[in-house]
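Visitor: Let me begin by handing over the structure; questions about it come next.
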Amino acid sequence: MRDFVRWFFRNLLLRTSEREEIDGLWIVADNQTQLSKVRNALQLIKAHDPRRYARSIKDLEGVWVRLLTGPAGQFDYTNYFCELDERFVDRASSENIASAVIHEAAHARLWRRGVRYDEDIRQRVEAICVRQQQAFASRLPAPEVSADDFGHLLELPATHWSDRAFARKHLHGSIAALRHLNTPHWLIRLVLRRHRALKRRQRRSATSFAQTQQRAISALRGPAGDKPTS
């Protein structure tokens, strides 16, 4: 039921936002200014890197500008959309927006080929996507973004891409998004308290499960020192 509700409201937002189609790729945003900036970014890719442009419009279904709680861009595998944070699009240049689309399109291409975003391979997946950004940047004339701008991402440790690190970034991003929406401070504090209470319950549940497992194993083994009989 929860998945259906999420799907319903997600599609409602898509249908009630500003939309236009370019070469079979949907652009969805809150206003015409954001649509124009994404359109210019796509035209930039098409003009200077037609091969990656052709791959991007094939691997992605659309580009959706909306408020995100994590990074400036992310790939949504449920509908093959590149999602860009509205704050990023509002301030970014066409080159930076185009670079973000290239990155997320690389995620889409890997996903279509069966490469998932599991924690143990996440660093390698990100490295592939970053190198696509670098290759695109190298094709731009007098670029505002260059291949060197992304080199530091290839040097980040594996812990930067861990589930725990992502959860922490999502929490901080959620707080920043609430502040961006001018949410009252008391409500933000309430959300944080609920989040901490949930994490405590999860930790207690995990501890209880581990203890139950250990008791079951001990019961099967019998009293201390006993050896299983054949």
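The values are calculated or read from the model by the stated rules, or taken from the named source; none is laboratory data. All values derive from a computational prediction rather than experimental measurement. As a convention, Cβ positions derive from the backbone with ideal geometry for all residues, glycine included, and neighbour counts pool all protein chains shown. In case anyone asks, the SASA skips ligands and DNA or RNA and just uses the protein heavy atoms, side chains included. Shrake-Rupley method; radii C 1.70, N 1.55, O 1.52, S 1.80 Å.
Visitor: Would you confirm, using the coordinates I've provided, whether ALA142 is open to solvent by 30 Å² or more (accessible area, probe 1.4 Å), of a type in the set (A, V, I, L, M) and more than 16 Å from the chain's Cα centre (by Cα)?
Guide: Considered against the rule, which asks whether it is open to solvent by 30 Å² or more (accessible area, probe 1.4 Å), of a type in the set (A, V, I, L, M) and more than 16 Å from the chain's Cα centre (by Cα), ALA142 comes out as yes.
Visitor: What are the residues in the stretch 161-200 that are open to solvent by less than 60 Å² (accessible area, probe 1.4 Å) and either under 17 Å from the mean Cα position of the chain (by Cα) or closer than 19 Å to GLU119 by Cβ (or both), if any?
Guide: TRP161, SER162, ALA165, ALA167, LEU171, GLY173, SER174, ILE175, ALA176, ALA177
Visitor: Now, a different point. Scanning for something polar (S, T, N, Q) and touching a residue at least 24 places away in the same chain (Cβ under 8 Å), does the stretch 137-152 turn up at least one residue?
Guide: No; the residues of the stretch 137-152 include none that is polar (S, T, N, Q) and touching a residue at least 24 places away in the same chain (Cβ under 8 Å).
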